[in-house]
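Data block below; observations after.
The values are calculated or read from the model by the stated rules, or taken from the named source; none is laboratory data. It should be emphasised that the depicted structure is a prediction, and the values quoted were computed from it without experimental measurement. Positions of Cβ are generated from backbone atoms using ideal geometry, with glycine treated the same way; all protein chains shown enter the neighbour counts.
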Amino acid sequence: MTTCKANSCSTSTDYSWKDYCSYHEKCLDKLKKHHSISNIREVETFETWFNKNCGYVINCNSSSSYPYYIWIVVFEPSVKSMSEKLSAIKYKSDHSNLSSARDKAKYLKNKLQNSNGWYDAPMLDIHPKTNSYERFDSIITSPYVIKRDVPQKWEIRYGPFLAPGQLDVKVPVDNISDYAKVFDVLKVSSVSYEHVGVYVGDGEVCHFSKDRNGTYIDSWEDFKKFDGFDGNIDSSEAVVYHSMIPFKYLRRIAEQIVWAVDNNFWHNNYDLRNRNCEHFANMLVYGINYSGQIEQKKKNAYGLS
């Protein structure tokens, strides 16, 4: 028997010719399968305040021992109807030697484990474009944020905009807690409109409502009857955006939600271009005042792709 090569792991390997214990072998198998990370030189797993299944991996170029790359890895096991997720985020710089890469990886590990201050933003410690301008929609994407589709079900609906009598239509399922975690961003849409909010647990959503002129926490069922709903629900859908590493300290998000609801944030101050429901949700979860709907409308107006 020999000791596992993973840093901070004293477990014996299964056989003398194995480099890693069975646990870390499984970790590496997942990385190789889902992210094609090969030529691995160093591994360490650790816990953070936001996830118990984190780690870093250092690998090198396939044709030589230079350069060395650092990957921050976050794993979430399957929960309810949510399948397991594995994100490997490549750090922004490479290194000429293993020692330099190791020192930087340990620094990042320490930052992620201790980023629990009031204004700390763990994602900013490891995002490769922290110090450069990037489009918001290039940041809120895999591997940083995982997008999940919420399944639909058939329902019988009535309404002035529907055909006379009854009509079978598809709408998002009722059990949103099976598909979203606390502080995930939720988006429901029809053919021409989207409504965005933040999931706060127990089947409830915090959102800024144009029609009600303020900020509220409503049930998922009420949230699905979104602002501007025109009865055209044949193409209705819902998606969940889940941050693998928080952009903000979770307690800070919770405090801001409570404050926004208690003070009826943006009451009578709706502005489609600058203060809509998507701006509100993105500010809460990511700390960025951004609306993809508005940016797309701007691009369409100027004939941009």
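One table, with the values for the structure above:
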quantity: Only listed residue being among the β-branched types (V, I, T), in contact (Cβ under 8 Å) with a residue 60 or more places away in the chain and within 15 Å of A6 (Cα to Cα), chosen from I72, I58; calculated: I72
quantity: Selected residue [aliphatic (A, V, I, L, M), surrounded by 15 or more Cβ atoms within 10 Å (Cβ to Cβ) and either part of a loop (DSSP other than H, G, I, E, B) or at pLDDT 95 or above (or both)] from V171, V182, V191, V200; calculated: V200
quantity: Test for Y66: is it surrounded by fewer than 20 Cβ atoms within 10 Å (Cβ to Cβ) and either outside the structural domain of D149 (by TED's automatic domain parsing) or of a type in the set (S, T, N, Q) (or both); calculated: yes
quantity: First in segment 76-103 and surrounded by fewer than 15 Cβ atoms within 10 Å (Cβ to Cβ), second anywhere and acidic (D, E), Cβ under 7 Å, 6 or more apart; calculated: P77/E84; S78/E84; K80/D178; S81/D178; E84/E76
quantity: Condition met for H242 (modelled with pLDDT under 95 and either outside any loop (DSSP other than H, G, I, E, B) or surrounded by fewer than 20 Cβ atoms within 10 Å (Cβ to Cβ) (or both)); calculated: no
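Let's see how each residue does on (1) under 30 Å from P77 (Cβ atoms); (2) in contact (Cβ under 8 Å) with a residue 12 or more places away in the chain; (3) not assigned by TED's automatic domain parsing to the domain that holds D149:
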| residue | (1), (2), (3) |
| --- | --- |
| M244 | yes, yes, no |
| L250 | yes, yes, no |
| E255 | yes, no, no |
| V258 | yes, no, no |
| D262 | no, no, no |
| F265 | no, yes, no |
| Y270 | no, yes, no |
| F280 | no, yes, no |
